[in-house]
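Here's the structure, in structure tokens; my notes come after.
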Amino acid sequence: VQLQASGGGLVQTGGSLTLSCAASARTFSRYTMGWFRQAPGKEREFVAGISWSGGSTYYTDSVKGRFTISRDNAKNTVYLQMNNLKPEDTAVYYCAARKPFEVLATTSAMYDYWGQGTQVTVSS
């Protein structure tokens with residue numbers, strides 16, 4: 001599975017961005033997807049995830065109420081809508097996929113496929 005993340009950019013505090021992650025797999029609907037981020041000098045951290053069925057989502061506490069993960073299986077794409085952005089959201093954002101029919105997970109080591117990352121910078 002190849003993943004291509006896009007949609008990053010520079011935005012002011014309080015602004016919004018929508019990240020997209022396009023997958024090459026014809027069976028995209030079978031993959032649990034996640035978004036992670038990595039800020040300079042910090043470890044990669046889980047941001048949000050959506051189950052392969054789309055019935056379950058999970059967010060790290062710091063983004064709850066501000067970020068929304070969704071998927072469009074017809075377009076082989078997962079999205080991360082980010083609202084009310086803060087400077088601490090500045091990071092490279094990565095999309096990732098688990099193997100087919102795996103449950104949602106928050107640990108990066110449990111994801112098997114990774115996109116190349118897209119930079120999000122929030123200015124104060």
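Things worth noting here:
- Simple point charges give the picture: +1 on the Cβ of Lys and Arg, -1 on the Cβ of Asp and Glu, and for region 16-116 a dipole about the Cα centre of about 220 debye.
- Sequence-separation-based contact order of the chain, relative, with Cα cut under 8 Å and 6+ spacing, percent: 37 percent
- For region 2-108, taking the reciprocal of the average inverse distance between every pair of different Cα atoms yields a Kirkwood hydrodynamic radius of 13.8 Å.
- Applying a DSSP loop filter and a limit of 16 other Cβ atoms within 10 Å to the GluC sites (Glu not before Pro) in region 10-104 leaves Glu43, Glu102.
- With the simple model of a label 7 Å out from the Cα in the direction of the Cβ, Gln12 to Ser124 spans 1.6 nm.
- Calculated FRET efficiency, Gln2 to Asn83, Cβ-Cβ distance, R0 = 22 Å: about 0.15 to the nearest 0.05.
- In this Cβ point-charge picture (+1 for Lys and Arg, -1 for Asp and Glu), region 59-107 has a dipole of about 140 debye about its Cα centre.
- Full extension of the chain between Asn73 and Thr27 gives 15.7 nm of extra length, using 0.36 nm per residue less the Cα-Cα distance.
Values in this text are rule-based calculations from the coordinates and carry no lab data. Since this is a predicted model, take the numbers as computed values, not measurements. Cβ sites come from the backbone with ideal geometry, for glycine too, and all protein chains shown count toward neighbours.
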